[in-house]
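Trainee: Have a look at this one.
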Amino acid sequence: NAALSGIPELRGSAELDDLSFLEQDNTTPPDSQGPHKSDLMSVRTKAMEQYLINHSPLSKSSSSPSEELSLNSILEGRSRKLCARMFYEILQLKTREVIDVKQDEPYGNIMLKLTRKRSKISRP
């Protein structure tokens, strides 16, 4: 890996490590055979939700995240594979109404905002 360390997207950094869950296999929980299978999130989707919770700015008046995150800022300098995986997980969270997404123009920046609806695993 020393030969690859010159590549910006492969350098060791705290931010890159934060997204390391996107490199893991995307498996569903073992109890996903029940009638509510569609309600269950994959390990990677849960990790994406937790990442967004941890990186969302908190509003001063409450402990819930209220500010938007820029997808361009998060993914700047990342590999296409990692960007594609994150985009897929964003779609999964939007489908479950865990986040809202906003894009003002085609091919423009995508803004992410957590909603009050979260998975059971992320609730305090």
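Trainee: Return the pair list, or none, for Cβ contacts closer than 8 Å from residues in segment 72-85 that are over 14 Å from PHE21 (Cβ atoms) and at pLDDT 90 or above to residues that are of a type outside the set (Val, Ile, Thr) and part of a loop (DSSP other than H, G, I, E, B), at least 6 apart or on different chains.
Mentor: Sorted first by the residue in segment 72-85, then by its partner, the pairs are ASN72/ASN109.
Trainee: Here are some conditions: (1) closer than 14 Å to TYR51 by Cα; (2) surrounded by fewer than 13 Cβ atoms within 10 Å (Cβ to Cβ). LEU69 meets all but one. Which one does it not meet?
Mentor: Checking LEU69 against (1) closer than 14 Å to TYR51 by Cα; (2) surrounded by fewer than 13 Cβ atoms within 10 Å (Cβ to Cβ), the one that fails is (2).
The values are calculated or read from the model by the stated rules, or taken from the named source; none is laboratory data. Fair warning: this is a prediction, and the values are worked out from it, not measured in the lab. Reconstructed Cβ throughout: ideal geometry from the backbone, glycine too, with neighbour counts over all protein chains shown.
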